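Read-outs throughout are calculated quantities, based only on the coordinates presented, and are distinct from any laboratory measurement. Note that the structure is predicted; figures quoted are calculated from it, not measured. Positions of Cβ are backbone-derived with ideal geometry, glycine not excepted, and every protein chain shown enters the neighbour counts.
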């Protein structure tokens, strides 16, 4: 049971690394908490559901569609909201209020179009695609969908790593994360780079939504709030402002959840938050805290 | 002067007292029915469905000129006062208070389920207003010192598994796993089932609670499998049931018997989310409209209700629409039979027709504490038929329509 919990927890944690990634990326670049983060995950799930039932698209096909759609959406959204916020007296507090409003609007619109029902795509869709329903790892059997999600998450992390460390845009993004004003002075088009980073953050959230059916069950319009809270926990565990620390935070969260479900199932929800309190008390900057300003 | 003052005081008291009596006999323009619903949050789906059922009842009685109120010997239109609690107990507390103290509703109806009803129970007791509890079946709500609550649909949750326990014992299924969400509704079912099975000598090999917002049961299913049970019983809310059945199907694990609560209440929702295969050979508690009660003496039978409700809303009703309509019927009967227009008289009137009223939801019978004991939940099994599913009632013998397919193929 222990090995199952650990291996399952790592796969589950990879997914939650992806869940928190977008939130941390946006925080890193803009020093703003996107309270609508969970709602973008929910939108990714609804897009997947919609494309599956309308056109029969497999979630793997939805991934690139979702990335493009939400990248553009995030890019445009940045120009609508963020520059004005950054020029205000208290951008951090105002961003809380603004993104809370955005969250409520997104939820209301989805309820308007889809109703309050839970929605899902078949949990066996990958089993049918690959003609195999489970796979075995170190003597433990897992659903094939977990493997697909884990691979998708790892690919996403690698791409984000490549973006940060092997592209000019990534260098510029890191420069902004280190010091926005110095980046501006050194000639970086801060708004354009931030807008792209904002788009990437929203796209990462939508990707978590596409994959969500296979890890967190059905989607529904009000699921965003819980996911934002979980994401916040994960990024604080890893390190606020360090997107790659999110992977560590996600893994700790995933393994903790699985161990608790195995040994103290009724206390499952408590441990991640105990960890959060513990990390804040012992290492307030997060486990990879040094990297906050250096990525 | 002293005599004159006494006369003035006497006349004042007489006028005030008399007008008070006259006012209390004056029929209200409307019967104000106050309730809450959740347009968002985890209870949005069942809550709005229940609310729609109550709305239908209001629409229907008002189309007949209102509800007959015996205390005033006349029909009075019903006015529904409703607020959105967004599935939050904190918001619900404020709004229930508002309904009672600001809107001065005549009838108070609870929101869906035990969680959102739990905050209404003490408020109703303090303000001495009868709470028409629609589906809040938590057994702790019903106490001998509280006459201000009546459960209208479904028995208290502690009674739900009675027939399920009998079924398991009769089929000689001897290794049981029980996983339940940690809320009063599910916990009371788990406790009842656990105690009954233990008493009968059945081996409970797994008995654990999980948080109510659990959305991944994969590892729990794996842990259950390690205990090698013959039957797995999952008590949860719809979100839990969906996640549980989805994870079960994708895990490739097989059990001889799997029981979940909500496929029998929200069949379409569960089928849409988990598919026919995941529900095949699964067991549940069937409720109307899966159970067809047409021989009724209060309100419409199920066939007529389905037609009228479809005309009204354009949708086929589910159990929670029926529960919402059913509470309307109980309110209607209360007002039709209560000799006085006050809360304790309403409670007395309900005791008068308890055990005699049969609605599309089954027999309405409450005990002294106001808990529903008339309705009984049989055990049903879904079996594949063509591309869909057929529901067979497998227990109790008096309602049985087919033999259980056990073990599941």
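Given 20 Å bins starting at zero, what is the percent of C-alpha pairs of the protein assembly as shown in each, up to the one with the largest pair distance?
Per 20 Å bin, starting at zero, the Cα-Cα P(r) for the protein assembly as shown comes out as 17, 44, 29, 8, 1, 0 percent.
Between 0 and 90 degrees, rounded to the nearest ten: what's the tilt of helix B:44-63 against the longest Cα principal axis of chain B?
The answer is roughly 40 degrees.
Against the longest principal axis of chain B, how steep is helix B:2-25, in degrees 0 to 90 to the nearest 10, with axes from Cα atoms?
With both axes taken from Cα atoms, the answer is about 40 degrees.
Give, as ranges by residue number, the residues of the range A:149-165 whose backbone N falls under 20 Å from the point 7 Å along Cα→Cβ of residue A:68.
A:156, A:159-160
For chain A, what relative contact order do you get, as a whole percent, if you take Cα pairs closer than 8 Å and at least 6 residues apart?
Relative contact order, chain A: 40 percent.
Mind jotting down the distance between the C-alpha centroids of the range A:46-100 and the range A:157-196, whole Å?
19 Å
Mean residue ellipticity at 222 nm from the helices of chain B, using -39,500 (n - 2.57) per DSSP H segment of n ≥ 4 over the full residue count, to the nearest 500 deg cm²/dmol? Kindly include the intermediate steps, with their values, before the conclusion.
On the way: 13 runs with 169 residues, N = 409.
About -13000 deg cm²/dmol.
Expressed in nm to one decimal, what extension gain is obtained for the pair residue B:387 and residue B:304 from 0.36 nm per residue of sequence separation less their Cα-Cα distance?
Between residue B:387 and residue B:304, full extension yields an extra 27.1 nm.
If you take every DSSP beta bridge fully contained in chain B, what fraction is antiparallel? Give it as a percent rounded to 5.
Bridges in chain B are about 35 percent antiparallel.
Pull up the DSSP beta bridges for the protein assembly as shown and report the antiparallel fraction as a percent, rounded to 5.
Just about 40 percent of them are antiparallel.
Can you put B:403, B:52 in order of Cβ neighbours within 10 angstrom, beginning with the fewest?
Fewest-to-most ranking of B:403, B:52: B:403, B:52.
Among B:145, A:226, which comes first, second and so on when ranked by fewest other beta-carbon atoms within 10 Å?
If I rank by nearby Cβ atoms, fewest first, I get B:145, A:226.
How would you rank B:385, B:347, going from fewest to most other Cβ atoms within 10 Å of each one's own Cβ?
Sorted ascending by nearby Cβ count, the order is B:385, B:347.
What do you get for Rg/Rh over the range B:73-152 if you use C-alpha atoms and the Kirkwood form of Rh?
0.97
Treating the Cα atoms of the range B:235-338 as identical point scatterers in vacuum, please give the log10 of the normalised Debye intensity I(q)/I(0) at q = 0.11, 0.12, 0.17, 0.21 Å⁻¹, two decimals.
Per q value, in the given order, log10 I(q)/I(0) is -0.44, -0.51, -0.83, -1.06.
Could you list the square roots of 5 times each eigenvalue of the Cα gyration tensor of the range B:369-409, that is, the equivalent ellipsoid semi-axes, sorted largest first and rounded to whole Å?
27, 12, 9
Rounded to the nearest 0.05, what FRET efficiency is calculated for residue A:128 and residue B:402 with R0 set to 30 Å and r the Cβ-Cβ distance?
0.45
In whole Å and largest first, what semi-axes does the C-alpha gyration tensor of the range A:14-223 yield when each eigenvalue is scaled by 5 and square-rooted?
So the equivalent ellipsoid measures 32, 21, 13 Å along its semi-axes.
How are the Cα pair distances of chain B distributed, in percent, across 20 Å bins from 0?
For chain B, the pair-distance distribution reads 26, 53, 17, 4, 1.
Quick check: the angle from helix A:59-86's long axis to the longest principal axis of chain A, C-alpha only, nearest 10 degrees?
Tilt of helix A:59-86: around 30 degrees.
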